[in-house]
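Here is the structure we will look at.
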Amino acid sequence: MKTVALLHPGEMGAAIGACLRGRGLRVVWASAGRSAATRSRANAAGMEDLGTLERALGVADVVLSVCPPHGALALAREVAGHGFNGVYIDANAISPGTVRNIARVVEAAEAAFVDGGIIGPPPIPGATSRIYLSGGRARDIAAVFAGSNLEAIPLEGAAGAASALKACYAAWTKGATALLAAIRALATHERVEAALLEEWKRSQPELPKRSEVVTAQARKAWRWIGEMEEIAASFEAAGLPGGFHLAAADLYRRLEGFKDGTAAPALAEVTAAFRRGAPRRKTASGVRRKSSKQREEQAHSTTRFKFGTAALKRDAAKRLRSLKRD
């Protein structure tokens, strides 16, 4: 395994590409349809631009997929459609169920599949992260990263184990970030924030600072919407309620306006964005969808004693069915 096609070099992917380059591997990518920012990251990481996906796959022994969760399955299908039959590593923040769907797509094209779950920041010099690997070639792929800033840890178990670990880890870290920030928003709305912070200092001294972590993450919160939905699907598939992380997805969706900002917003800006809600999106017919508040008001106008739990369960079930269909 001497040549890796990395798809696509975002902040994390470019850092991994640099790690692989440091190990002496040839790292290629396809710039067709990618942004100027992506090109800049790839060039800085020393990656070789082959222009098109077809050309990149033509020289690659390994494909490493690092993309937003909602694009993971489509990318795998595209790669399989080109007849790639090397080793395909999916290192995206997706549910075990989605991983298994991707494995079927990849293996139908006679490629080997390895499941990867990345924990930690982009592995630049001075910052180490872990990639957990599972599946038949996990140990072979772990050896590719040996001695780099990205520590590769093979797990026992089939494809899905690495992504399950990643989902469990992010369910707490990113889920708690959303929950604590939402609590601050509620406390501000009810004018008890100062009292809450004083109580936290006495009984939960780590929480005041922890509740402000969202400000540093707001500019990339858009990446976590799909991840929270995948985590919710993971919980539902295990017979557990997924509503916690569907709510986290909704909160992160409300921060999309901070994407690509030049500076971290203040906490007050974040909590204000939470309370404003996500922009209403148009349906295929061009008619704006009703907000959750409008839907709730409509439900209350026709039937008494309708609470939000049933609505959350219905929404989670729809998302789970959609993921299963994919």
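Observations on the structure shown:
- Residue-level check: of (1) outside any helix (DSSP H, G or I); (2) modelled with pLDDT under 95; (3) of a type in the set (Ser, Thr, Tyr), Thr38 misses just (1).
- Glu193, sole failed condition from (1) farther than 18 Å from Pro69 by Cα; (2) surrounded by fewer than 16 Cβ atoms within 10 Å (Cβ to Cβ): (2)
- Checked against the criterion of being in a helix (DSSP H, G or I), of a type in the set (Gly, Ala, Ser) and out of contact with any strand residue (DSSP E or B) (no Cβ under 9 Å at 6 or more places or on another chain), region 1-20 contains not a single residue that satisfies it.
- Which numbered condition Gly116 fails, given (1) more than 17 Å from the chain's Cα centre (by Cα); (2) at pLDDT 95 or above; (3) more than 30 Å from Arg276 (Cβ to Cβ): (1)
- Region 152-178 - residue that is under 15 Å from the mean Cα position of the chain (by Cα) and of a type in the set (Val, Ile, Thr) and, of those, least open to solvent (accessible area, probe 1.4 Å): Thr177
- When residues of region 209-243 are limited to those that are crowded, with 19+ Cβ neighbours inside 10 Å and aromatic (Phe, Trp, Tyr), the one nearest to Glu199 (Cα to Cα): Trp224
- Any hit, region 31-54, residues being open to solvent by less than 10 Å² (accessible area, probe 1.4 Å), over 20 Å from Ala93 (Cβ atoms), out of contact with any His (no Cβ under 9 Å at 6 or more places or on another chain) and not polar (S, T, N, Q): no
- Residue satisfying all of: in region 121-151; aliphatic (A, V, I, L, M) and open to solvent by less than 30 Å² (accessible area, probe 1.4 Å); farthest from the chain's Cα centre (by Cα) among these: Val144
- Residues located in region 249-261, provided they are in contact with a Phe, Trp or Tyr (Cβ under 6 Å, 6 or more places away or on another chain) and not in a helix (DSSP H, G or I): Arg254, Lys259
The values are calculated or read from the model by the stated rules, or taken from the named source; none is laboratory data. None of the values given here were measured: they were computed from a predicted structure. Note that we place each Cβ from the backbone using ideal geometry, even for glycine, and neighbour counts take in every protein chain shown. Areas reflect the complete protein model, heavy atoms only, side chains present, ligands, DNA and RNA absent. Shrake-Rupley method; radii C 1.70, N 1.55, O 1.52, S 1.80 Å.
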